[in-house]
Amino acid sequence: MAAISIGTAEPFIIGGIASLTAECGTFPIDTTKIRLQVQGQVYDEVHREARYRGMFHAFRRITLEEGFRALYKGIAPALLRQASYGTMKMGFYQSFKRLLSPHHCKEGSLPTNVVAGVLSGVISSSVANPTDVLKVRMQAANAIQPRLWTAFHTVYKEEGFRGLYRGVGPTAQRAAVLVGVLMPTYDLTKKLILNYQVMSDHIGTHVCASFVGGLLATVATNPIDVVKTRMMNQRLAMDGRTLVHCDHIYKHSMNCALTTLRSEGPAALYKGFIPAYLRMGPWNIIVSLDNRDFVWFILNQLYLCSSL
């Protein structure tokens, strides 16, 4: 039986599968990052205590107190997010790159690729914001988790449509800054490695460039990520009441950043830096590798098995 062929949908499918793979592999690291970012808030009774001293201590304490499965709290909305966000981001990136490149060629210049990356990142992250809100809230909580659709309905019922899009501003800002820093840094690092003949053009070069780009991207985006996480984790009813024991509701991203700086100091904007960086390196490697043949092998095998 012939192999399946999907044509123009290929970048969307490959991007989605790569994103889902990366999410499953790095999700426990992301959970420790979220716990570190929400703790220590002076105005939040629930998260006022600094329970975790770092990533490894968070791993250990979460596992001992809540069980290993707690590291995967929020995996359902996370996978739903990647099925939408990851698919759209990679697919739109390829589409925008061809659209903005001269003669609609596949490989554009660095500025073209950055613009395409920013546009695709902002659009896709904004659309998928409701799933990100649920993911963050499930990861931050140490209580029993509701089912995915029950959680969606609860947020919409109590907080309205705005509740599902809480934190969309810093989410879009982070996506834009991430691409604007990561792509040029990755490209420059790889170019320097090849020009100085440190390594030849193989997977090791890609890994090194990904980790260098990931480091600078994490430095640039971690403050925005902290703001995003804290805003998403707050609950505000449609009538203006707070739904958690919190003395201050962040009005916007700048208000959250300034409040954090005044009450906790500049270091608070870099909470969760280590897990954020350790997650970004493997994530970039998995997602950006040319894994087209591997993905299509899986899809073809599933198609053949379903036809038996």
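The values are calculated or read from the model by the stated rules, or taken from the named source; none is laboratory data. Since we're looking at a predicted model, the values are computed, not measured. Neighbour counts are summed over all protein chains in view; Cβ atoms, including those assigned to glycine, are modelled from backbone coordinates with ideal geometry. Heads up: the accessible areas ignore ligands, DNA and RNA and are worked out on the full protein's heavy atoms, side chains in. Shrake-Rupley method; radii C 1.70, N 1.55, O 1.52, S 1.80 Å.
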Q.
Whole-Hz ³J(HN,Hα) for each residue in region 182-198, computed from phi via Karplus 6.51 cos²θ - 1.76 cosθ + 1.60 with θ = phi - 60°, x for glycine and proline: what do you get?
A. 5, 5, x, 5, 4, 5, 5, 4, 5, 5, 5, 4, 6, 5, 8, 6, 5
Q | In sequence order, calculated HN-Hα J values of region 48-63 (Karplus, 6.51, -1.76, 1.60; Hz; x Gly/Pro) | A | 5, 6, 8, 7, 10, 8, x, 4, 5, 5, 5, 3, 5, 5, 4, 5
Q: Could you pull the Cα extents of region 128-236 along its three principal axes, largest to smallest, in whole Å?
A: 59, 25, 20
Q. Translational D (Stokes-Einstein, µm²/s) of region 183-225 at 4 °C and 1.567 mPa s when Rh comes from the Kirkwood sum over C-alpha pairs?
A. 121
Q) Just going by the charge dipole of region 76-232, with Lys and Arg at +1 and Asp and Glu at -1 on Cβ, which of SER126, VAL181, THR150 is farthest out on the positive end? A) THR150
Q | THR171 - accessible surface, heavy atoms, 1.4 Å probe, Å² rounded to 10 | A | 10
Q) Cα-based Rg of region 63-106 per 2.2 N^0.38 Å, rounded to two decimals? A) 1.96
Q. Roughly speaking, what is the centre-to-centre gap between region 124-158 and region 40-96 when only Cα atoms are used, to the nearest Å?
A. 12
Q | Per-peptide average of other Cβ atoms within 10 Å, ordering 127-136, 36-45 highest first | A | 127-136, 36-45
**Q.** Computed over region 31-165, the ratio Rg/Rh where both radii use C-alpha atoms and Rh is Kirkwood
**A.** 1.10
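Give me the mean projected area, in nm² to one decimal, of the convex hull enclosing the Cα positions of region 18-64.
Value for region 18-64: 3.8 nm².
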Q.
Can you pull out the chymotrypsin sites (Phe, Trp or Tyr not before Pro) in region 152-200 whose DSSP state is coil and whose Cβ has at most 14 other Cβ atoms within 10 Å?
A. TYR196
Q: Sort 256-266, 224-234 for me by packing, meaning the mean count of neighbouring Cβ atoms within 10 Å per residue, highest on top.
A: 224-234, 256-266
**Q.** Most to least accessible of SER109, SER120 (protein chains only, probe 1.4 Å)
**A.** SER109, SER120
